[in-house]
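Notes follow the structure.
The values are calculated or read from the model by the stated rules, or taken from the named source; none is laboratory data. No experiment lies behind these values; they were computed from the predicted model shown. Cβ: placed from backbone, ideal geometry, glycine included. Neighbour counts: every protein chain shown. The protein model used for the area step is the full one, side chains on, heavy atoms only, and it has no ligands, DNA or RNA in it. Shrake-Rupley method; radii C 1.70, N 1.55, O 1.52, S 1.80 Å.
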Amino acid sequence: VNYRYNILWAGFRPVVWLGTAIAAICGIIVISRRTRPRMPILAIPTEVLRGFVDAYDEKISLQAELESLENRLKTGKIRRHDYKWRSKDIRQRTTVLDRELVDLKAKLKKAGSSYAVAVSKIEAAEGELETIKRDLNQIELQYRLGKISKAYETLLYGFEKRRDRARATIDENITSLRGELR
């Protein structure tokens, strides 16, 4: 009798044991996922999210317009009287938007953790922008008084980079919130 031992049968028993172990582990994972209580997903009305995004977009455009007015005043392309009148109007509208945004931010924070994180990042970036604006005004005053000279341009460059990063953070978060509307 001529007997030949097939090499595939040598690995059969370990493969069966390994397959049984993997099936048991997968079964335990599936059962644990089914029994775990899920966090309730709070449905945020799209009107709230849309209102927040639209109001914030308007606030960003008003801030850009105000900066443009300030630059035009510095270069002498607009009269001081016109600047005061238009900047007063812009600041009043920004104040109204800020009041609306406070309410909308509170609703978004209650809606879920992802919204709360996005709103927190936006608030942090807003605080950074305010700090940068205040520091820029102080540095400009010191430059006009002659206390700093060579470091002025370096400081301006650093503050502009910080301002751009803060604005990019705000834009990223607003874009992600806008993406959830679709």
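Which one of Gln142, Gln138 is polar (S, T, N, Q) and open to solvent by less than 80 Å² (accessible area, probe 1.4 Å)? Only one candidate passes the filter, namely Gln142. If we scan segment 33-41, do we find a residue that is farther than 19 Å from Glu126 by Cα, open to solvent by 100 Å² or more (accessible area, probe 1.4 Å), in contact (Cβ under 8 Å) with a residue 60 or more places away in the chain and not basic (Lys, Arg)? Yes: segment 33-41 contains one or more residues that are farther than 19 Å from Glu126 by Cα, open to solvent by 100 Å² or more (accessible area, probe 1.4 Å), in contact (Cβ under 8 Å) with a residue 60 or more places away in the chain and not basic (Lys, Arg). If the condition is being at pLDDT 90 or above, within 17 Å of Ile174 (Cα to Cα) and in contact with a Phe, Trp or Tyr (Cβ under 6 Å, 6 or more places away or on another chain), then segment 96-142 contributes only Leu104. Examine segment 56-69 for a residue that is within 22 Å of Lys133 (Cα to Cα), within 25 Å of the chain's Cα centre (by Cα) and of a type in the set (Val, Ile, Thr), and state whether such a residue exists. For segment 56-69, residues within 22 Å of Lys133 (Cα to Cα), within 25 Å of the chain's Cα centre (by Cα) and of a type in the set (Val, Ile, Thr): present.
Of the residues making up segment 152-179, those that are among the aliphatic types (A, V, I, L, M) and surrounded by 13 or more Cβ atoms within 10 Å (Cβ to Cβ) are Leu155, Leu156, Ala166, Ile170, Ile174, Leu177. Looking at segment 149-158, is at least one residue assigned to a helix (DSSP H, G or I) and closer than 18 Å to Leu62 by Cβ? No; the residues of segment 149-158 include none that is assigned to a helix (DSSP H, G or I) and closer than 18 Å to Leu62 by Cβ. Close contacts from segment 65-87, counting a first residue that is without any contact (Cβ under 8 Å) to a residue 12 or more places away in the chain and a second that is of a type in the set (A, V, I, L, M), with Cβ to Cβ under 7 Å and a gap of 6+ residues or different chains, come to Arg72/Ile78; Ile78/Leu69; Arg80/Leu73. Here Lys105 meets the list (1) open to solvent by less than 60 Å² (accessible area, probe 1.4 Å); (2) out of contact with any Asp or Glu (no Cβ under 9 Å at 6 or more places or on another chain); (3) charged (D, E, K, R) almost entirely, failing just condition (2).
Within segment 24-36, not a single residue is closer than 16 Å to Leu177 by Cβ and at pLDDT below 95.
Out of Ser87, Ser68, Ser61, I need the residue that is part of a helix (DSSP H, G or I), open to solvent by less than 30 Å² (accessible area, probe 1.4 Å) and of a type in the set (Ser, Thr, Tyr). Which one? It is Ser87. Select from segment 72-84 the residues that are exposed (fewer than 11 other Cβ atoms within 10 Å of the Cβ) and part of a helix (DSSP H, G or I) and write down the one among them that is modelled with the lowest pLDDT. Out of the qualifying residues, it is Lys74.
Taking the condition at pLDDT 85 or above, more than 30 Å from Ser114 (Cβ to Cβ) and either open to solvent by 100 Å² or more (accessible area, probe 1.4 Å) or outside any helix (DSSP H, G or I) (or both), does Leu18 pass? Yes: the conditions hold for Leu18.
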